[in-house]
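Have a look at the structure below before the remarks.
The values are calculated or read from the model by the stated rules, or taken from the named source; none is laboratory data. Everything numeric here is computed off the predicted structure, so don't read it as measured data. Because the Cβ atoms are built from the backbone with ideal geometry, glycine has one as well, and the counts that use them run over all protein chains shown. Note: areas computed on protein heavy atoms with side chains; ligands, DNA, RNA excluded. Shrake-Rupley method; radii C 1.70, N 1.55, O 1.52, S 1.80 Å.
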Amino acid sequence: MRMSQLFFQTLREAPADADTVSHQLMLRASMIHQIAAGIWDYLPLGLRVKHKIEDIFREEMDAIGGQEVTLPVVHPAELWQQTGRWYQIGSDMARLKDRAGRDLVLAMTHEEIMAELAAAYVSSYRQLPFMLYQIQTKFRDEPRPRAGLIRTREFTMKDAYTFDRDNAALDAYYPKFYQAYFNIFNRCGVDTVAVKSDSGNIGDSTAHEFLAITPIGEDTLVICDNCGYSANRQVASFAKSAPVAAAQQPTEEVATPGAETIAALAEFLGIAESETAKAIFLMADIDQPDGTVKSQFVFVVVRGDMELNETKLTNGIKARRLRPAVVEEIRAIGAEPGYGSPVGIRRDQVLLVVDDLIPSSPNLVAGANKVDTHLRHVNYGRDYTADLVLDLVAASDGHPCPNCGSPLHTVRGVEVGNIFKLGTKYSVAMGATYLDENGESKPIVMGSYGIGTGRLMAVAIELHHDDNGIQWPITIAPYQVMLVSLATEKTPEVTAAAEALYQSLKAAGVEVLYDDRDERAGVKFNDADLMGIPLRLTLGAKGLKNGIAELKLRRNGEQRELPLATIVASVQEIIAAEFARINARAVEMPYEG
RNA sequence: CGGGGAGUAGCGCAGUUUGGUAGCGCACAGCGUUUGGGACGCUGGGGUCGUAGGUUCAAAUCCUAUCUCCCCGACCA
């Protein structure tokens, strides 16, 4: 491609709206263009990167038996009504009507369509297993798109689905994805860690998410450097040290004027925060056996030095969602905000859930459900009992690793992919069944596996850039070689040589972007750096006289001179070496179910 | 949805306090000089000042409403 023909306009300054590096660099390099919040154009350069990434998806999916399909972006509402998600999902799902007034939805994901496809085609166990995937646009009306391509509303996703006859077969397929995902990310130059993830509302089966460690991440990851334990903070556990045992002392009221927070309370009484009990008031929507949803007051008690992990609580009480209770609701159950206590509340109206550290922590200070008053020496079992005792608290920096006891630390990560054992939820709902050897009808067991292309592209930039621009791994770079001609009007021989070199590189199958513009050297070099093409070949009058062109590697600035006589072969060798360098990262990863 | 910030030329910004009919840098076009890390000179094109009302002789500027974008949080199948 000739730069003089390329559709682009590099920017010297990033638009003020952009404040993450990948966002700024993609805008400055003319890779993407914004249309609305979370909705983007891919320009020629950016699209080439997207295609490179997607080609890697295809290779890795095909390698584990995948077959590519394309499913629609607009779905009839009926399919989503069949699985119930039409009713469960709120305004994240974009809905529209066709000319006849029929309800349609914009695809947020494709479980329904995939299950429908399986239902339509599969009748026998002999057809199983199989795996289908697609690379398709999805739309989720995210409440807050952010950071360029990191979180968008319209996005492209590679989503794959497995169809197996039973859980054992799915369990056998699942690790192949685990490995394929590492291969994909490694081949894109993106280091990831796989952690078991919260499987949310869909069953209680295994799921992993793949996170790239970067400060711009939206997820918090808990990591142990000593033994390699890692988990999303939503589900991370830690070794809770046993509290010091002590004889239970009689409860007594103590005046604590104004001590409405744990910190203030501990300070006022001159005790450690671990000697207090923290009360948290929530309202939970909980599904009832009769199919209705009940709004339940949930009274949570954790030790004062701990933080509630709402994901653990949500899962533990099987709530659909949680929200903080308002003052009126708190008073209605006999508690007082800031001075809440599990002792003396209207127990029949409350679901009381305590962290499993509480029963073994003696003589805690809790509220008295009266303003400016607390209770000393509150003891679980003697003074109150809970409906549920669970692990409810969030792991944090410094907490002991649950495996080895070393201190944990937290880092930020971006979820670039996830794999998920779906089970039979969708196949049952969509009637995707097969007949086994005994003529018995059984639901197909499904798995789903997703990777966001744009997000992966953005993360690659977050991990590979310097002050001058992007440093694409060659596997996903828009072009492999940037050929910079430094010809001027006075050196037509340089133009001729550059043209010839451009043609030979192209003929040899090298992906080359040829800067044939009438620009000064500095402009060309800066654009080359910004766009991040891995190899830069510079051909100028001096070099031509000596029969050489200069090669510079974008990723480390390494330079060497290449004789023009053998330059095509040299470039091909270097490209191959760059590929080998990246691909060597795709190694076997032990699967930890 | 809560909190904060911002909408003036493709990009970055000034002008708004104190109303007087829009400006700077980059980019873009032409000419000339230049030519190995974002050249220089001259000339030129481009803006309903987010939108709609209102106040006023006069509104980018004051008032009201509204839309959009960004950041933090909530949310995230």
- Message: Could you check segment A:500-522 and list, in sequence order, the residues that are charged (D, E, K, R) and open to solvent by less than 20 Å² (accessible area, probe 1.4 Å)?
- Response: A:D515
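Name the residues in segment A:295-311 that are closer than 14 Å to A:L390 by Cβ and open to solvent by 20 Å² or more (accessible area, probe 1.4 Å), would you? So that I can check it myself, show each step before the final result.
At the first step, the residues of segment A:295-311 found to be closer than 14 Å to A:L390 by Cβ are A:298-303, A:306, A:308-311.
Within segment A:295-311, A:R303, A:L308, A:E310, A:T311 qualify.
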- Qualifying residue in segment A:191-207 (condition: at positive phi, without any contact (Cβ under 8 Å) to a residue 60 or more places away in the chain and within 10 Å of RNA strand B (Cβ to nearest atom)): yes
- Pairs only if they're at least six apart or on different chains, beta carbon under 6 angstrom, first in segment A:476-494 and within 11 Å of RNA strand B (Cβ to nearest atom), second open to solvent by 10 Å² or more (accessible area, probe 1.4 Å) and hydrophobic (A, V, I, L, M, F, W, C); list them, first residue then second. A:L486/A:A521; A:T491/A:A541; A:V494/A:A487; A:V494/A:A541; A:V494/A:L544
- Test for A:A37: is it open to solvent by 40 Å² or more (accessible area, probe 1.4 Å), closer than 21 Å to A:T156 by Cα and of a type in the set (G, A, S): yes
- Answer from A:R12, A:R102, A:R2 - the residue that is surrounded by fewer than 19 Cβ atoms within 10 Å (Cβ to Cβ), within 13 Å of RNA strand B (Cβ to nearest atom) and over 25 Å from the mean Cα position of the chain (by Cα): A:R12
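So that you can scan it fast, the table gives a plain yes or no per residue for (1) closer than 30 Å to A:E116 by Cβ; (2) in a strand (DSSP E or B); (3) outside the structural domain of A:W86 (by TED's automatic domain parsing); (4) modelled with pLDDT of 95 or more:
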{"site": "A:P402", "(1), (2), (3), (4)": "no, no, yes, no"}
{"site": "A:A429", "(1), (2), (3), (4)": "yes, no, no, no"}
{"site": "A:I451", "(1), (2), (3), (4)": "yes, yes, no, yes"}
{"site": "A:L456", "(1), (2), (3), (4)": "yes, no, no, yes"}
- Message: Exactly one condition in (1) within 16 Å of RNA strand B (Cβ to nearest atom); (2) over 23 Å from A:A242 (Cα atoms); (3) assigned to a helix (DSSP H, G or I) is false for A:E328; which is it?
- Response: (1)
- Query: Quick one: is A:F177 assigned to a helix (DSSP H, G or I), open to solvent by less than 10 Å² (accessible area, probe 1.4 Å) and within 18 Å of A:R412 (Cα to Cα)?
  - Reply: no
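Kindly provide the set of residues from segment A:16-42 that are hydroxyl-bearing (S, T, Y) and more than 9 Å from RNA strand B (Cβ to nearest atom), ordered by number.
Here is the first cut: in segment A:16-42, the residues hydroxyl-bearing (S, T, Y) are A:20, A:22, A:30, A:42.
The answer is A:S22, A:S30, A:Y42.
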- Query: Among the residues of segment A:205-240, which ones are among the charged types (D, E, K, R) and over 17 Å from A:A395 (Cβ atoms)?
  - Reply: A:E218
- Message: Please pick out the residue among A:P257, A:P289 that is open to solvent by 70 Å² or more (accessible area, probe 1.4 Å) and at pLDDT 80 or above.
- Response: A:P257
- Residues of segment A:204-228 being more than 19 Å from A:I419 (Cα to Cα) and open to solvent by 40 Å² or more (accessible area, probe 1.4 Å), in sequence order, are A:P215, A:D225, A:N226, A:C227, A:G228
- Message: Condition first: in contact with a strand residue (DSSP E or B) (Cβ under 8 Å, 6 or more places away or on another chain) and either crowded, with 23+ Cβ neighbours inside 10 Å or part of a loop (DSSP other than H, G, I, E, B) (or both). Now tell me which residues in segment A:488-499 satisfy that.
- Response: A:A498
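Go through segment A:85-95 and count every residue that is open to solvent by less than 70 Å² (accessible area, probe 1.4 Å) and either free of Cβ contacts under 8 Å to residues at least 12 places away in the same chain or not assigned by TED's automatic domain parsing to the domain that holds A:Q134 (or both). Step through it out loud before you land on a result.
Start the filter on segment A:85-95 by keeping residues that are open to solvent by less than 70 Å² (accessible area, probe 1.4 Å), which leaves A:85-86, A:89-90, A:92-94.
Among the residues that remain, those that are also either free of Cβ contacts under 8 Å to residues at least 12 places away in the same chain or not assigned by TED's automatic domain parsing to the domain that holds A:Q134 (or both) are: A:90.
Looking only at that region, the number is 1.
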- Task: Confirm whether A:L96 is over 23 Å from the mean Cα position of the chain (by Cα), more than 30 Å from A:Y178 (Cα to Cα) and not acidic (D, E).
- Result: yes
- Is it true that A:R151 is modelled with pLDDT under 95, surrounded by fewer than 18 Cβ atoms within 10 Å (Cβ to Cβ) and under 16 Å from the mean Cα position of the chain (by Cα)? no
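Within segment A:571-593, restricting attention to residues that are surrounded by fewer than 17 Cβ atoms within 10 Å (Cβ to Cβ) and either closer than 20 Å to A:L486 by Cβ or among the polar types (S, T, N, Q) (or both), which residue is farthest from the chain's Cα centre (by Cα)?
So the first thing to find is which residues in segment A:571-593 are surrounded by fewer than 17 Cβ atoms within 10 Å (Cβ to Cβ), and the list is A:572-573, A:576-577, A:579-581, A:583-584, A:587-593.
Applying the additional criterion that residues be either closer than 20 Å to A:L486 by Cβ or among the polar types (S, T, N, Q) (or both) yields A:572, A:583.
Working: A:Q572: 35, A:N583: 23 Å.
For segment A:571-593, the residue satisfying everything is A:Q572.
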